[in-house]
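The structure appears right after this line, and notes come after that.
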Amino acid sequence: MNQKATHMNTTSIKKDKVSRTQLTKQRLRSKILLRLKTQKEEDRERKSRIIKEKLFKDTVFKKAKRVMFYISFGGEVNTIEMIKEAKKIGKMIAVPVCGSGRSIKPCLLANRAGLRKGPYSVKEPAVKKSVDIKTLDLVVVPAVAFDKKGNRLGRGRGCYDYFLKKLPKDTPSVGLAFDFQVLPSIPTTKRDIKVNKILFA
């Protein structure tokens, strides 16, 4: 077999592997999204309060002055009360705003800030004031699922992977999840970025 043929075979194997990984991800994503959608609201709120308590007791969170939260939707761990309480104790809160392509930029969530639906029906500040990514002390990250090594399965757009890749290496990230969202392992590719810690209930 000549060198060109060998290269073509290797490329074909890699593409096939990526294809199988994506298929597995889609199946997992569909399964977990259904669980999020059908979870009882009282269970969601009860577990979210437990996760909030864990976050607020975390040393990294206590020290952080600038925290980037996500605004929860679609049955995710409820971050609304977390954001309110974090503001009360003097933390500056940023939230993600979707830009063109896969880009996410952190924007200030000021007191009494109005919210409106952005791309993908995710709420974001009506008035956008960008926050320098280098000034963030902690990033709170959503996902459809995590595994115990910190790998995350997002909604398939790659926005957070792209964002976390740009995050300074010494800026910690924490994922919030319900217990059924934390799996022994999830399929990954080179583009997938881990979080430092997962808090779940």
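Here, each number is a calculation from the coordinates, and none is a lab measurement. Being a predicted model, the structure only gives us computed values, none of them experimental. No Cβ is skipped: glycine too gets one built from the backbone with ideal geometry, and neighbour counts run over all protein chains shown.
Quick notes on this structure:
- Ranked by the mean number of other Cβ atoms within 10 Å of their residues, highest first, the peptides 190-201, 137-148 fall in the order 137-148, 190-201.
- The value of relative contact order for the chain, using C-alpha pairs under 8 Å at least six residues apart, is 21 percent.
- Gap separating the Cα centres of the range 181-200 and the range 61-110, nearest whole Å: 20
- Phe73 versus Thr188: modelled label distance in nm, points set 7 Å from Cα along the beta carbon direction: 2.8
- Test item: Cα-centred dipole of the chain, Lys/Arg +1 and Asp/Glu -1 on Cβ, debye: 380
- Ranked by the mean number of other Cβ atoms within 10 Å of their residues, highest first, the peptides 76-87, 114-125, 97-108 come out as 76-87, 97-108, 114-125.
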